[in-house]
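Each remark here refers to the structure printed beneath this line.
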Amino acid sequence: MILKDIKIFSQNVWKNSLMINTILEVKSDFDIIFIQEPSWSTVCSIPSSMNCKEDSLVGVVNHPNWLTFTRKSKSMNDFSRVAIYINIRLSSLHFSLYRDIINFKDILLVSFFNNNDIFWLMNVYFDLSHSALKYLKDTEVNICNLLIMTSDFNICDNL
């Protein structure tokens, strides 16, 4: 499959799972959806052989027509504020999440192959303390073929 045009939708959903579900249903003609501030909730309880208390599997909204990419949280206070949904009709392009290049809770870097070239997509959430911007500045990663970097730009700066 060679991709010539990509339709991308980006939205801050303010932790509203109904809004994410609606976007995934209504925007089915889009190829990629970037979400900022996704809602995280318990998907199911997982029985444990180690203790009597069940563990909770926590995740973002999933949909059968979309591949979901998000960063796994290290703790209950470390949830990522970005998610990327890829329409399953593009699954032959082999999308991959790269945490070894950028490993920050508010930045997702995803690659895919198109016509034997690798391309990159980046979804960034900028908070009021500019932590993602500082991380990107300090990391100084050079990524060729970055098609789009989109974000919820909460930055109040004259630059």
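The values are calculated or read from the model by the stated rules, or taken from the named source; none is laboratory data. All values reported here derive from a predicted model rather than from experimental measurement. Methodologically, a virtual Cβ is constructed for each residue, glycine included, from the backbone with ideal geometry; neighbour enumeration extends over all protein chains shown.
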Can you pull out every residue in segment 113-155 that is within 23 Å of Leu3 (Cβ to Cβ) and either in contact (Cβ under 8 Å) with a residue 40 or more places away in the chain or among the hydroxyl-bearing types (Ser, Thr, Tyr) (or both)? Asn114, Asn115, Leu121, Asn123, Val124, Ile143, Leu147, Ile148, Thr150, Ser151
With the first residue restricted to segment 1-20 and required to be under 22 Å from Val60 (Cβ atoms) and touching a residue at least 40 places away in the same chain (Cβ under 8 Å), and the second required to be acidic (Asp, Glu) and assigned to a strand (DSSP E or B), Cβ contacts under 6 Å at 6 or more apart or on different chains are Asn12/Asp152
Can you find a residue that is within 20 Å of Asn145 (Cα to Cα), acidic (Asp, Glu) and more than 12 Å from the chain's Cα centre (by Cα) anywhere in segment 99-110? yes
Any idea which of Asp100, Asp106 is at pLDDT 90 or above, among the acidic types (Asp, Glu) and on the phi < 0 side of the Ramachandran plot? Asp106
Under the condition of being modelled with pLDDT of 95 or more and surrounded by fewer than 17 Cβ atoms within 10 Å (Cβ to Cβ), which residue from segment 77-90 is nearest to the chain's Cα centre (by Cα)? Ile88
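Which residue, of Val26, Val13, is within 18 Å of Asp127 (Cβ to Cβ) and either surrounded by 11 or more Cβ atoms within 10 Å (Cβ to Cβ) or over 16 Å from the mean Cα position of the chain (by Cα) (or both)?
Step by step, each of Val26, Val13 is checked, and only Val13 is within 18 Å of Asp127 (Cβ to Cβ) and either surrounded by 11 or more Cβ atoms within 10 Å (Cβ to Cβ) or over 16 Å from the mean Cα position of the chain (by Cα) (or both).
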Per the filter on segment 45-56, residues exposed (fewer than 11 other Cβ atoms within 10 Å of the Cβ) and assigned to a strand (DSSP E or B) are Ile46
